[in-house]
Protein chains: 2
Amino acid sequence: MKNILIIGAGRSASACIRYCLDHAKANQWFVTVADTNLELAQQRINQHSNGKAAWLDVQKPNDRKDLIGRHDIVVSLLPAHLHILVARDCIQLKKHLVTASYVSKEMYRLGDEARDANLIFMGEMGLDPGIDHMSAMKLLNEIREEGGKITTFKSYAGGLIAPESDDNPWHYKFTWNPRNVVLAGQGTAQYMVDGKYKYTPYSRLFKEHHVVHVPDMGDYDAYPNRDSLLYREVYGVEGIPNILRGTLRFRGFCKAWHALVQLGLTDGSYPIHDAEQMTYHELMNAYLPEGAGSVKERMARFLGENIDSDVMNKLEWLGLFRKVKMNLSTATPALILEHLLLDKWKLSPEDKDMIIMQHEIEYELKGKTHQIISSMVMKGEDSNDTAMSRLVGLPLGIFVKLIIEGKITTTGVNIPVMSEVYTPVLQELEKFGVVFTEYKKIL
Amino acid sequence: MKNILIIGAGRSASACIRYCLDHAKANQWFVTVADTNLELAQQRINQHSNGKAAWLDVQKPNDRKDLIGRHDIVVSLLPAHLHILVARDCIQLKKHLVTASYVSKEMYRLGDEARDANLIFMGEMGLDPGIDHMSAMKLLNEIREEGGKITTFKSYAGGLIAPESDDNPWHYKFTWNPRNVVLAGQGTAQYMVDGKYKYTPYSRLFKEHHVVHVPDMGDYDAYPNRDSLLYREVYGVEGIPNILRGTLRFRGFCKAWHALVQLGLTDGSYPIHDAEQMTYHELMNAYLPEGAGSVKERMARFLGENIDSDVMNKLEWLGLFRKVKMNLSTATPALILEHLLLDKWKLSPEDKDMIIMQHEIEYELKGKTHQIISSMVMKGEDSNDTAMSRLVGLPLGIFVKLIIEGKITTTGVNIPVMSEVYTPVLQELEKFGVVFTEYKKIL
């Protein structure tokens, strides 16, 4: 019997838990789901005979160590900054560890210890990061094996609302962490064009968005992520002249979001005075330059928009011109915006989300320039069984199975860029409908 | 004999040292100037019989305590974050402390201990902060004593180049900390207009500058500081409907500086890749959106300027379109800009700086609205004897004299907003030409 511990029972854990339970009987696994919310953990187990729920406050070292000690593999779906607590215990107690989060510097520092103890510590094993690494590495390695010289690597992902559930002028709903959506892009995006570094500061990021065509799906707004240059080494594309990782949104989103950025509403660094007594109308007044006319007219003038433009309609739909109290004490502008959007961009129970991931690669082979567009589109079932939670959770579950089957030889702290990981994981993901379609042409 | 210790011998210390030495013989003072640069400290003392230079590395606790222990009053002109080391020693060794820096929260926490030990810890005793507090409090208290109800308080200051030394298209040279000039305004400016809070984020701060008229001097660009609301309580103007503290620049500065902000060149949070090999021309290319034409043409298009506009001429004069290597390794954009400006905006030996400070106050009295404009203009002698160093140093020196004369009764950690401080300090400053001229009218 192999014992699997999954820490965290939230939405992003559901598909991973389900995968593990579904494979538990045949493979003789026992699955423990631990959470501070015992009831939620119990719901996830749903009285499965090979599973049980456990209450765990991960900040309590003894409880944590005790629980980890009784398992063989740990999947941590905790908030990112808490993984390190679990990781140190896993080193001490000699347990494998899998997470879907970005690997921190602190975590990488455990690499030697993990390797010395023959432990597999795999991070970034979800969707983005996760499936993006695996699908990109498969493509890049195939091209390199063929002898191709890669000149362009662009990779896009978007967590969107499926068109059939799209019923608002922003064409967007929250399908993942709302706070991260509000703060997305802050800092400066760095990428490369024609062998030159390019920098786009946050204040221009959404204004200077570009358009990406997804075959059979249409056009999307795209803006570069901050981290486009981060994976050059690990992907083996150090000298590549064009590299960009970006985020996809429905057309029109970026221009309207830029209006909120321009106003200053996405800043989370200071509290608004008297927020409790303030209306949204007053908040807009506090950010708009002085001038004649109504707040709405001043907004249109500030943005250089007609009063009934698409952007103005989006702002109006959010209720930003309404004389309604915000009812939030000591809130930053970003928190006020998040609070408003939580209501406006809420998934209805039957809403389906949609994930789009697309890689655009160009390479030279035998004197010709080739292009591959590789796209994956997946829709969720409803607001519980989202494409997002499946695509985060399935790679974790599949990877746990690979560890137990002894198919993983790479020890230490890693992200899934090696063939022994991505080949079987992508293969099994296909059974769950995670299919990348390739469109090739010669330019 | 009273022993005064001045820690720091840099430019901002010179006028304070000179003041203390000039008053040393008559008052039986002995002045020690301590610095890590002993030679500089010796130059400041200039073989004065009532002074001596001392070598001090303020990070060495024993040396520091030993030196402080042998004096009665300490003036700290160290970088702001180091004052606290000196302050803790002053508590322990029972010495008074005077600084020209903003009082940190850490420093305020020493307030009770200082008061219990009958010690005077005075911060913000320079120009801005310093003379701004004192001259504003004098005006505000005079109006309140008269029975006036203050409705508007605006306070501006600018460290500028004197018109006779102004020989560049920016009409600006560095007369104080260049790094602070490059990073000025980052964050969100908060102020009040007609009883409403107003917020202007950094990305719009220089674009949305306003114009301030200084009597006999003309018009200046002005932008609100981040801290306009900070002194409401201590100034006793909590309920005031209009409050703004701002910075003055020559006309045209703000629009051109906004171009640098918009590009992203004032960001100090990440390093530029390959900065060592890069030219300014390539740096501009890295920040400009893709497009046709030369870098200069693309810049003009990006900014919505004609190619030969005032803003474009300012950028051209900085050399931003030149194919000249920047010669800086691992530098942030802000550091690259600072490095370039240090050369371009350098004071020549004979250059005179100019300080302008102006308060604009409106108040209701006997059914009428009164306005007072109170302005102070001071020019330096040359690049060594700057108005800036005088206006920072003289209040410190004068305040030291007041302490020794026993004229200060307010103990604890304070800033100079009480009459027993500002009345005699402003009075003596007048002898040094620091004169506020008042223009009153009924609106």
Share of the range B:178-327's accessible area from carbon and sulfur, percent, 1.4 Å?
47
Taking a label point 7 Å out from Cα toward Cβ, give me the nm distances from B:S104 to the same spot in the other copies, shortest first, one decimal.
2.5
With a ≥ b ≥ c from the Cα gyration tensor eigenvalues, square-rooted, and the rule rounded for a/c under 1.5, otherwise prolate when a/b > b/c and oblate otherwise, chain A is oblate
Rounded to whole Å², per residue accessible area for the protein assembly as shown with a 1.4 Å probe reads 41
Place a point 7 Å from the Cα of B:K52 in the direction of its beta carbon; the residues of the range B:24-38 whose amide N falls under 11 Å from it are B:31-33
Among B:L38, B:H96, B:F302, which residue has its Cα furthest toward the positive end of the charge dipole of chain B, with +1 on Lys/Arg Cβ and -1 on Asp/Glu Cβ?
B:H96
Roughly how big is the range A:73-126's charge dipole about its Cα centre, with Cβ charges of +1 (Lys, Arg) and -1 (Asp, Glu), in debye to the nearest 20?
60
Roughly how many whole Å is it from the C-alpha centroid of the range B:60-92 to that of the range A:193-244?
52
Run lengths n ≥ 4 of DSSP H only: what is the helix-derived mean residue ellipticity at 222 nm for chain B, with -39500 (n - 2.57) per run over all residues, to the nearest 500?
-10500 deg cm²/dmol
How would you classify the range B:7-99 from its alpha-carbon gyration tensor, with a ≥ b ≥ c the square roots of the eigenvalues: rounded for a/c under 1.5, else prolate if a/b is greater than b/c, otherwise oblate?
prolate
Counting sequence-distant residues (5 or more places) and residues on other chains, those with an amide H built under 5 Å from that of B:F30 are B:K2, B:N3, B:I4
Hey, got the average number of other protein chain Cβ atoms within 10 angstrom for residues in B:197-209?
5
The range B:235-348, dipole about Cα centre (Lys/Arg Cβ +1, Asp/Glu Cβ -1), debye to the nearest 20:
340
Smallest Cβ-to-axis distance in chain B, for the rotation taking B to A: which residue, how many Å?
B:S203, 2
Given B:K401/B:K431; A:K196/B:K325; B:K60/B:K95; B:K105/B:K198, the pairs whose alpha carbons are separated by over 22 Å:
B:K105/B:K198
Placing the label point 7 Å from Cα along the Cα-to-Cβ direction, what are the distances from B:S294 to the equivalent spots in the other copies, shortest first, in nm to one decimal?
4.9
Kirkwood Rh over alpha-carbon pairs of the protein assembly as shown, then Stokes-Einstein at 4 °C and 1.567 mPa s: what D in µm² s⁻¹, rounded to an integer?
41
Through the Karplus equation 6.51 cos²θ - 1.76 cosθ + 1.60, θ set to phi - 60°, convert the phi angles of the range B:64-73 into ³J(HN,Hα) values in whole Hz; use x for Gly and Pro.
5, 5, 4, 5, 4, x, 9, 10, 9, 9
Looking at the range B:269-286, residues buried by 30 Å² or more relative to their chain on its own, accessible surface at probe 1.4 Å, turn out to be B:Y270, B:H273, B:N285, B:A286
I need the shape label for the range A:341-409. Rule: rounded when a/c is under 1.5, else prolate if a/b > b/c, else oblate, with a, b, c from the alpha carbon gyration tensor.
oblate
Counting pairs of Cα atoms in the range B:290-443, how many percent are more than 19 Å apart?
73
Rounded to the nearest Å, the spacing of the alpha-carbon centers of the range A:99-152 and the range A:355-381 is 19
Less than 20 Å apart at the alpha-carbon level, and either on another chain or at least 8 residues along: which aspartates and glutamates does that give for B:K366?
B:E142, B:E145, B:E146
Which distances, shortest first and in nm, link B:R179 to the matching position in the other copies, using label points set 7 Å out along Cα to C-beta?
3.1
Dipole in debye (nearest 20) - the protein assembly as shown, about Cα centre, beta carbon charges: Lys, Arg +1; Asp, Glu -1
800
Give the carbon-plus-sulfur fraction of the accessible surface of the range B:92-158 in %, rounded to a whole number; probe 1.4 Å, heavy atoms of protein chains only.
45
Between chains B and A, what is the buried accessible area in Å², counting both sides, with a 1.4 Å probe and ligands, DNA and RNA left out, to the nearest 100?
2500
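The values are calculated or read from the model by the stated rules, or taken from the named source; none is laboratory data. Worth saying up front: this structure is predicted, and the values here are computed from it rather than measured. Every residue, glycine among them, receives a Cβ derived from its backbone with ideal geometry; neighbour counts consider all protein chains shown. The accessibility values were calculated without ligands, DNA or RNA, using every heavy atom of the protein model including side chains. Shrake-Rupley method; radii C 1.70, N 1.55, O 1.52, S 1.80 Å.
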